[in-house]
Structures are given as structure tokens and as C-alpha cells.
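Report on one structure; see the data block that follows.
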Amino acid sequence: MVPNDTDASIGMEYFCFEGDDLWNMPDDDLVAMATKEIQQLGLARAEHVKFGFAVRVHKAYPMYDAEYAERVQAIRNWLDGIENLQQVGRNGLHRYNNSDHSMLTAMRAVDNILLGTKHDIWDVNAESVYHEEDVEDEHPYVDAPETPAMEEPLGSER
């Protein structure tokens, strides 16, 4: 991912809604903001950043609402009929996973394919909260903000 042994590639990810101020920010302003934050985080000095670019991903994160579980179950029921399909990660499971859980789904899928194990990939991070504490289930994003892009049908491409 880098041209030599002395450079590094750093990706900065920002959560936003399509159509909001962050989404509409010019690319150069996003790169400048990321460069400043890279320095604030102590990852690199701003003057060492050689270049940057912005990529906007439409509907990158699932939206959780009251009907979310039913819709995902319908998707899963249909996909379960496809033999030898292994779904992994955020988009494959239609839910937010942190990077560790996303990688674990991929590793278990590899085991299923190469070793013949029967890991249920959907069981990775199935709880809505971590088990380190005794807390009740939570349902984030029930009251997510509305943006004009949400009025468009799912699957519409720009």
C-alpha cells in the first residue's frame, strides 16, 4: 500500500449522514481536517503528510430502527438458501461490527471453507453490548436524524 519502507498509509474514517455538513465538505477541507487530527493523535506531523483524498461511501453503516431485526432476518433467510455462501464483516452481516469482530467473521468463514467447521458467522458479536459488564440490551440509532438521501429507495446508485 506504500511505495517504500519509510512511508506509511493512514486511513481516517468519519461517521456522517449523506447530505450533512461533513458529507458535503470539500475534499481539500476533509484532507486538511484529517491531517490536523493525525498530528493531534500523534500519528504523524502534519508537514509529513504527502497527500490525501476523500472517499464517500453511500449507506456504509446499517441503520438501526424498530424493524431492523426483522429486515435482517428476511435477508438472512434468503441468503441461507445459497449453498457455500459465507458472509463476513459489516456489509456481509448487515450490522455494525468493530474491526476485530469483522476480522473474526472472516477467520471463521475461512475455517468453514478450508476445515469444514460449522461456525455460525452470525453469532460473532450477536449481542448489542459487550459482556464485560452486566448491562441490559440497548438499541442504538432508534432516533437517527433524517437526511434527504434517506428518502431515496435502497439500492439506488449515484
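Assorted remarks:
- Which listed residue, of D21, D7, is out of contact with any strand residue (DSSP E or B) (no Cβ under 8 Å at 6 or more places or on another chain) and open to solvent by less than 90 Å² (accessible area, probe 1.4 Å): D7
- Set H48, H58: member being touching a Lys or Arg at 6+ places or on another chain (Cβ under 8 Å) and either exposed (fewer than 13 other Cβ atoms within 10 Å of the Cβ) or modelled with pLDDT of 95 or more (or both): H58
- The stretch 24-33, residues that are part of a helix (DSSP H, G or I) and free of Cβ contacts under 8 Å to residues at least 24 places away in the same chain: N24, D28, D29, V31, A32, M33
- Considering the conditions (1) open to solvent by 70 Å² or more (accessible area, probe 1.4 Å); (2) over 27 Å from M12 (Cβ atoms); (3) of a type in the set (D, E, K, R), D120 is excluded by exactly one of them, (1).
- Restricting attention to the stretch 94-109 and to residues that are in a loop (DSSP other than H, G, I, E, B) and either of a type outside the set (F, W, Y) or modelled with pLDDT of 85 or more (or both), the residue that is most open to solvent (accessible area, probe 1.4 Å) turns out to be H94.
- The residues on offer are N112, N91, N77, and the sole one that is out of contact with any helix residue (DSSP H, G or I) (no Cβ under 6 Å at 6 or more places or on another chain), modelled with pLDDT under 85, in a helix (DSSP H, G or I) and not small (G, A, S) is N91.
- Scope the stretch 26-39; condition of a type in the set (A, V, I, L, M), surrounded by 17 or more Cβ atoms within 10 Å (Cβ to Cβ) and over 13 Å from V55 (Cβ atoms); matching residues: I38
- Scan of the stretch 56-78 for residues that are over 18 Å from the mean Cα position of the chain (by Cα) and in contact (Cβ under 8 Å) with a residue 60 or more places away in the chain, ordered by number: A66
The values are calculated or read from the model by the stated rules, or taken from the named source; none is laboratory data. What you see is a predicted model, and the numbers here were worked out from it, not measured in a lab. All Cβ positions, glycine included, derive from the backbone under ideal geometry; neighbour counts span all protein chains shown. The accessibility values were calculated without ligands, DNA or RNA, using every heavy atom of the protein model including side chains. Shrake-Rupley method; radii C 1.70, N 1.55, O 1.52, S 1.80 Å.
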